[in-house]
Amino acid sequence: MGMNQTPSSERVHIGLFGKRNAGKSSVINAVTNQDIAIVSEVRGTTTDPVYKAMELLPLGPVMLIDTPGLDDEGELGALRVQKGLDVLRKTDIALLIVDGSAGMSPEDERLEEELKKRELPYLVVFNKCDLISGTAADALEQRKDSENEACIWVSARTGEGIQELKERLARMVPEKREKRLAGDLLEPLDLVVLVVPIDKAAPKGRLILPQQQTIRDVLESGAVSVVVREKELKETLSRLGRQPKLVITDSQVFDLADRDTPEEILLTSFSILFARYKGNLEQAVRGARALETLRDGDKILISEGCTHHRQCDDIGTVKLPRWIENYTGKKPEFVFTSGTGFERDLKEYHMIVHCGGCMLNEQEMQYRLKEAAAQGVPMTNYGILIAYMKGILERSLQPFPEMAALLKEEEV
Ligand SMILES: Nc1nc2c(ncn2[C@@H]2O[C@H](COP(=O)(O)OP(=O)(O)O)[C@@H](O)[C@H]2O)c(=O)[nH]1
Ligand SMILES: [Mg+2]
């Protein structure tokens with residue numbers, strides 16, 4: 001899969017179901033204007049589900065899934081039917097294709113029941129409307145008008161109704177799940193403890209943006225945040241009266257937070273939440289591991305999104321290089337950039353360490369991440385690299401087990 005292609009997990013999966021010869025494969029061909037599915041008069045031509053990723057206007061990126069007929073007979077047939085039903089689990093929108101000249105069969109009705117039971121958005125597509133004429137057509141026309149029926153009439157052969165089908169599909173696309181900082185980890189009234197160091201480097205009289213945004217997100221999910229300095233964490237946890245769901249700490253004081261947060265409480269950092277929210281947590285975790293293959297003289301690009309952030313500056317230009325040298329025992333060459341500048345040619349770098357990107361919009365951050373990935377350069381961020389070097393990344397990935405698993409992979 002190319003870098004710029006929508007990953008299949010982000011595509012709307014549209015499954016086509018129905019009896020053999022209803023015209024499932026023909027409808028796919030008509031919708032896509034391509035002969036991607038095998039159409040034949042012989043029943044049961046499609047024996048395995050066929051997946052086709054494509055851009056389908058006005059829907060956007062979709063995955064069309066052509067399934068074998070629901071009415072296959074015999075042992076092999078039953079297996080095919082099972083495979084077809086397996087597809088249901090991946091389906092976002094189901095199309096029940098019915099031969100309109102024959103009408104709904106008991107199998108079709110069973111499947112419609114199943115779709116309702118699973119609360120899957122679906123549409124009954126009466127195909128072959130070109131075969132219907134005269135009084136039969138009038139009768140069907142009446143059903144077409146009935147409001148409640150999620151149905152549409154089409155002809156894969158003549159193309160009638162196919163455009164309308166696409167438009168109906170576009171309107172059925174489930175709303176994209178909104179990205180959250182922490183809200184998706186929380187239930188209403190859950191307690192969250194935020195650890196915010198207030199030292200010389202902290203801006204006067206206010207909190208920094210990532211902290212504000214996290215508090216805001218906790219509020220939105222109806223949970224409760226308690227904000228403390230690292231010094232007060234231990235005492236606060238012991239006095240809270242109930243166990244918080246999560247402790248979120250500034251990366252700089254992670255070791256302290258790690259020590260003072262009992263193991264049974266999930267602990268993570270603002271950097272990790274932001275890497276997940278704005279960036280690509282997986283890329284950042286993999287990127288941190290590039291330290292393991294660092295050699296003397298390798299170039300490391302340390303890049304900051306903003307120019308006037310004293311706190312970041314100190315970490316980026318002073319602390320990080322020192323920690324990297326201590327951790328690896330190597331003498332790399334550090335290159336620093338800040339602000340809107342981000343080099344085009346990254347290939348000379350062994351790895352890139354970027355700030356959390358609180359001042360960059362998601363588009364820009366995504367651009368930088370994609371550019372690094374496209375040029376094959378590992379890229380991570382301050383917080384994740386610091387956690388990695390301190391051996392606490394694994395713990396801070398606790399709320400995201402599939403990311404923690406990356407640290408155990410053999411390949412660097
Ligand atoms: N008249 C007519 N025939 C169709 C239409 N759609 C499909 N067919 C025919 O029905 C048969 C079965 O089509 P196919 O797409 O293979 O059905 P599937 O088994 O559900 O995938 C083929 O002979 C198609 O040419 C249609 O809209 N009108
Ligand atoms: Mg077929």
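For Ser269, the amide hydrogen comes within under 5 Å of the amide hydrogens of Thr249, counting only partners 5 or more places away or on other chains and with H modelled in the peptide plane.
If you take the beta carbon distance between Asp48 and Lys231 as r and set R0 to 51 Å, what does 1/(1 + (r/R0)^6) give as a FRET efficiency, to the nearest 0.05?
Working: r = 62 Å, r/R0 = 1.21.
After rounding to 0.05, the efficiency reads 0.25.
Based on the alpha-carbon gyration tensor of segment 183-273 and its eigenvalue square roots a ≥ b ≥ c, which shape applies: rounded if a/c is under 1.5, prolate if not and a/b is larger than b/c, or oblate? Oblate, because a/c is 1.5 or more while a/b does not exceed b/c. Looking only at segment 377-406, which residues have a backbone nitrogen under 12 Å from a spot 7 Å from the Cα of Glu187 in the C-beta direction? Label zone hits: none. Using R₀ = 35 Å, calculate the FRET efficiency as 1/(1 + (r/R₀)^6) where r is the Cβ-Cβ separation of Lys347 and Asp255; round to 0.05. Computed FRET efficiency for Lys347 and Asp255 comes out at 0.50. Can you list the residues, at least 5 places off or on another chain, whose amide H is less than 5 Å from the amide H of Arg229, using H built in the peptide plane? Excluding prolines and chain starts, which carry no amide H, the hits are Val196. Quick check on segment 283-411: take the gyration tensor over C-alpha atoms, sort the square-rooted eigenvalues as a ≥ b ≥ c, and tell me if it's rounded (a/c under 1.5), prolate or oblate. Rounded, since a/c falls under 1.5.
By how many nm would the segment from Thr317 to Glu333 lengthen if fully extended, with 0.36 nm per residue of separation less the alpha-carbon distance? Provide the component values of the computation, followed by the final result.
Details: separation 16, 0.36 × 16 = 5.76 nm, distance 1.21 nm.
Value of the extension gain: 4.5 nm.
Express in nm, to one decimal, how much length is gained between Ser133 and Glu119 on full extension, taking 0.36 nm for each residue of separation and deducting their alpha carbon distance. Write down the numbers at each step before the final one.
Details: separation 14, 0.36 × 14 = 5.04 nm, distance 3.42 nm.
Stretched fully, the Ser133-Glu119 segment lengthens by 1.6 nm.
For the pair Glu109 and Glu409, what calculated FRET efficiency results from E = 1/(1 + (r/R0)^6), where r is the Cβ-Cβ distance and R0 = 45 Å, to the nearest 0.05? Can you show the working numbers first?
Numbers: r = 48 Å, r/R0 = 1.06.
According to the calculation, E is roughly 0.40.
Taking amide H positions as modeled 1.01 Å from N, with prolines and chain starts lacking one, the residues under 5 Å from Lys299 and 5 or more places away or on another chain are Glu333, His350.
We did not get these values from a lab; they are worked out from the coordinates using the rules stated. Computed from a predicted structure; not experimentally measured. Glycine gets a Cβ as well: all are built from the backbone with ideal geometry, and neighbour counts include every protein chain shown.
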